[in-house]
Structure formats: C-alpha cells, structure tokens
Amino acid sequence: MKMFIIQSYSEILAYRLSLLSKKLWQPTFNFLILGLFLFGVYFGKKKLINEAGKNRETFIKLIAIGFFIGMVFNVLFIWAMIKMPPEVGTFWRFAINLGTSGSGICFTLVYVAMISLLMLGNAKRFLYWFAPVRRMALTHYLLQSLIGTWILYGYGFGLMTEFNYKLQLIFVICMFTAQMLLSYWWLARYRFGPVEWLWRSLTYRQLLPFRIEKKEMAFVS
C-alpha cells in the first residue's frame, strides 16, 4: 500500500494501463465480463425481472444454486491463496482468478434474484429510494472512482493506510448517501445522468434532450 501513497498520478496511471493490457488477455476476467453481459441479455429477453411474480420459483432456485456454486468458487479461491508457493505460477493465477470471477457471477445472480423477490413485498417501499441511483449508475461508478482515488492515493490526500475497517465502512455509507441525495436533486432537473446522457447520445448518434422543461416539472409535481 505504501507504493500507492508515494506515487504520482502519472505513475499510477501507467501502472493501471499495464494491468489493463494483462486483464484483456486474461481468460477468467473475460469470462466474468462476458458472463454478466450474457445473463443480462437473457434476463431482458425472458423479462424475468419485469414479470418477477410469475418467476418466483425460478428466482428461489437461482438463489439456492447460485449461492452453492458461488461458495464452491470461493473455496477454490481460498484454497489457491493458502496453497500457492512463493513464486506464483500460471496454474495458481488461473485458480485464483477463476475463483473470484466465478463467485462474482454467481453472487451477482443471487443478489438480482433476492432483490427481485423483495420487490414483490413491502420491502419495495424501501428499495424505491435507490431507484434514482440506478438511473445514474455509470455516473456514480466513475464518480466513486474519482473521489476514492483522490482521497486514498498519493496524488490526493494519501489516506489509504489511515483507513481501518470502521473508517472504510463510514466512508462508504457517507459517500453513497451523498450520491443518493445528488441523484434526487439531479433527476429533478435533468432526464439522465451526465455520463448516461453522453452514452445515449453517442449510441443514437444525436444529442438527446437533456434538461427537463419547466412545463414538464410542473406537470410532474
């Protein structure tokens, strides 16, 4: 952790770019990304989330099976971390990365299934509070990276070694709460998050309406 504190932004950027080139050729990393995309397409095509009431049994099975297989991948990861020799070989890297990628896919599906089932009950009143954050997911993902690296890394405040587990939890709660409030404020004035608007405009090859007109705001209120 010390090296991140003493490094400048350019040094950390160069380090991250070197990792990116390795990640792109890493089978287990591509397995994770491709798997999440394929499951997302499948869920959308089958309308599993939109018609969650009709797919209650499917989600229950998904939670049970996903949790079991995810734990198997976790055991693989822990075993590889404990047993690997000082000089990590190709097999051990593959086992570690397969464990993290496989468990990532499985537990993502478990979370999706659990939230879909919770939305069928009274818990949806609480979960609706997170809806604006979901509409700005990409913006918040990038914003978290910018704020987090600036606070933790050496080119910012360099507080990485100062953050124990309690401070990390407090930091995450405060940041996410601030992002929730920002989402409500922003979406009361704009149709999309800034990055989402840019992404959609590039996708449709035209500048989409961004601001919410006063007439529309009055109608909504």
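Structure above, values below:
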{"item": "Sole residue being in a helix (DSSP H, G or I), under 30 Å from Lys61 (Cα atoms), out of contact with any Gly (no Cβ under 8 Å at 6 or more places or on another chain) and not polar (S, T, N, Q), chosen from Ile151, Ile170, Ile147, Ile115", "result": "Ile115"}
{"item": "Qualifying position, being over 20 Å from the mean Cα position of the chain (by Cα), touching a residue at least 40 places away in the same chain (Cβ under 8 Å) and either part of a helix (DSSP H, G or I) or within 28 Å of Phe43 (Cα to Cα) (or both), among Phe94, Phe77", "result": "Phe94"}
{"item": "Residue in the stretch 13-30 that is surrounded by 11 or more Cβ atoms within 10 Å (Cβ to Cβ), under 21 Å from Met114 (Cα atoms), among the aliphatic types (A, V, I, L, M) and not assigned by TED's automatic domain parsing to the domain that holds Gly148 present", "result": "no"}
{"item": "Phe31 touching a Ser or Thr at 6+ places or on another chain (Cβ under 8 Å), at pLDDT 90 or above, closer than 24 Å to Cys106 by Cβ and not basic (Lys, Arg)", "result": "no"}
{"item": "Residues that are loosely packed, with under 14 Cβ neighbours inside 10 Å and touching a residue at least 24 places away in the same chain (Cβ under 8 Å), drawn from the stretch 44-55", "result": "Gly53"}
{"item": "Hey, Val133 more than 18 Å from Leu181 (Cα to Cα), among the aliphatic types (A, V, I, L, M) and assigned to a helix (DSSP H, G or I) or not", "result": "no"}
{"item": "Residue within the stretch 111-125 that is more than 30 Å from Thr177 (Cα to Cα), out of contact with any His (no Cβ under 6 Å at 6 or more places or on another chain) and surrounded by 17 or more Cβ atoms within 10 Å (Cβ to Cβ) present", "result": "no"}
{"item": "Verdict on Ile147 being in the same structural domain as Ile65 (by TED's automatic domain parsing) and β-branched (Val, Ile, Thr)", "result": "no"}
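The values are calculated or read from the model by the stated rules, or taken from the named source; none is laboratory data. Bear in mind that the values here come from a model prediction, so they are computed numbers and not experimental data. We place every Cβ from the backbone using ideal geometry, glycine too, and count neighbours over all the protein chains shown.
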